[in-house]
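Here is the structure we will look at, set down as structure tokens.
The values are calculated or read from the model by the stated rules, or taken from the named source; none is laboratory data. Since the model is a prediction, treat every value here as computed from it, not as a measurement. Cβ coordinates were reconstructed from backbone atoms using ideal geometry, including for glycine residues, and neighbour counts include every protein chain displayed. Heavy atoms of the whole protein, side chains included, go into the accessibility calculation; ligands, DNA and RNA do not. Shrake-Rupley method; radii C 1.70, N 1.55, O 1.52, S 1.80 Å.
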Amino acid sequence: MTQTIPAPTTSPRKVLLVFAHPEPRSLNGALRDVAVRELEAQGREVKVSDLYADGWKASVDRADFPALAPDARLVVAAASGEALTTGTLTPDVIAEQEKLLWADVLILQFPLWWFSMPAILKGWVERVYAYGFAYGVGEHSATRWGDRYGEGRLAGKRAMLMVTTGGWEAHYSARGVNGPIDDLLFPIHHGVLFYPGYAVLPPFVAYHTNRLDEAGFEALAEQLRERMRTLGTTAPLPFRTQNGGDYLIPSMTLRPDLGAPGATGFALHLEDGGQTAAGMTAA
Ligand code: FAD
């Protein structure tokens, strides 16, 4: 049961970078500028959503659904779907959705804070990813569980994380005390990006950045420029598509004949069992 899924574009022209750092003079700010300059030098059109600078509202609440009757109980997914359908989402959310539909590539850039994205970026995902836009898409029936995990509104586009950490690369290795970076980023890669259809590129991870000197910065900047030059040709992480036949319906479990015998965990959801290289290294 193979579905027709648009292949990720190999010649991306339009890039949206969502930037989540409160300080423009930070390392993250400097890396953002490196990325944008390189993309523009390659002739790509770039839009930046600078969440702190824009005063992005980070949490979902009643104010997100101005058309909801004042006495109605707020059920977020239902209100979100209704607001999408009736065009009554708030203008800030609509503007971000339009940027997502415009862009061939989405880059989420952030410092790793408490092993995940800063709250403001999580709030961007929660508010912008409306029901019917990023989830609740496609046929939901006894034989099909929607268009998600490789299919959906954002299929055919690419996405990538740009992350800085305080911890060393070894701390994030297979036996590192922080846990493997691929595991820590899995909920974002698989749950936030692959879910609505993006082909997810390996992340750009700059480790051990707190005392980065000028030479370290230059080396990092060059690695980043190379990643920007190769956005269209870098092979995506080989996540298994939900509707490609690898999962049983309705349990949505991986077929027993797939994956290494006895294997469990996130790597099962990659066709190569997680052999794909993780992020880049700094410092
Ligand atoms: P900055 O602090 O702005 O800069 C870092 C270094 O880069 C400085 O020494 C700066 O001088 C230097 N630098 C070199 N060249 C430049 C240049 N051109 N421009 C600017 N700076 C330059 N780390 C983890 O590993 N795991 C966690 O879970 C984690 N949780 C955190 C939670 C919180 C709330 C906070 C505040 C930090 C946490 N950290 C964690 C550390 C955090 O990830 C790093 O501090 C962050 O990634 C560094 O990025 P930055 O842009 O803030 O760097």
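Considering only residues that are at pLDDT 95 or above and open to solvent by less than 60 Å² (accessible area, probe 1.4 Å), look in the stretch 8-22 and name the one that is farthest from the ligand (Cβ to nearest atom).
Ranking the qualifying residues of the stretch 8-22, first place goes to K14.
Are any residues in the stretch 98-118 charged (D, E, K, R) and over 20 Å from N28 (Cβ atoms), and if so, which ones?
E98, D104
Could you list, ordered by first residue, the pairs with Cβ atoms under 8 Å in which the first is in the stretch 21-45 and closer than 18 Å to R211 by Cα and in a helix (DSSP H, G or I) and the second is more than 6 Å from the ligand (Cβ to nearest atom) and among the polar types (S, T, N, Q), at least 6 apart or interchain?
Partner pairs satisfying both residue conditions: N28/Q109; L31/Q109.
Looking at (1) modelled with pLDDT of 95 or more; (2) open to solvent by 40 Å² or more (accessible area, probe 1.4 Å), which is the one condition that is false for S141?
(1)
Test of understanding: among D104, D92, which residue is more than 16 Å from the ligand (Cβ to nearest atom), open to solvent by 20 Å² or more (accessible area, probe 1.4 Å) and in contact with a Lys or Arg (Cβ under 6 Å, 6 or more places away or on another chain)?
D104
If I ask for residues that are surrounded by fewer than 15 Cβ atoms within 10 Å (Cβ to Cβ) and in contact (Cβ under 8 Å) with a residue 40 or more places away in the chain, which ones from the stretch 236-248 would you list?
G245
If you go through the stretch 140-183 one residue at a time, how many are acidic (D, E) and either within 13 Å of the ligand (Cβ to nearest atom) or within 18 Å of L108 (Cα to Cα) (or both)?
Residues that pass the stated criteria total 3.
Which ones in the stretch 192-235 are within 16 Å of the ligand (Cβ to nearest atom), under 15 Å from I107 (Cα atoms) and either more than 20 Å from the chain's Cα centre (by Cα) or surrounded by fewer than 19 Cβ atoms within 10 Å (Cβ to Cβ) (or both)?
R225
Filter the stretch 107-116 down to the residues that are surrounded by 22 or more Cβ atoms within 10 Å (Cβ to Cβ) and either of a type in the set (S, T, N, Q) or more than 9 Å from V163 (Cα to Cα) (or both), then identify the one that is nearest to the ligand (Cβ to nearest atom).
Q109
Is it the case that R37 is within 16 Å of the ligand (Cβ to nearest atom), under 18 Å from T165 (Cα atoms) and out of contact with any Leu (no Cβ under 6 Å at 6 or more places or on another chain)?
Answer is no for this residue.
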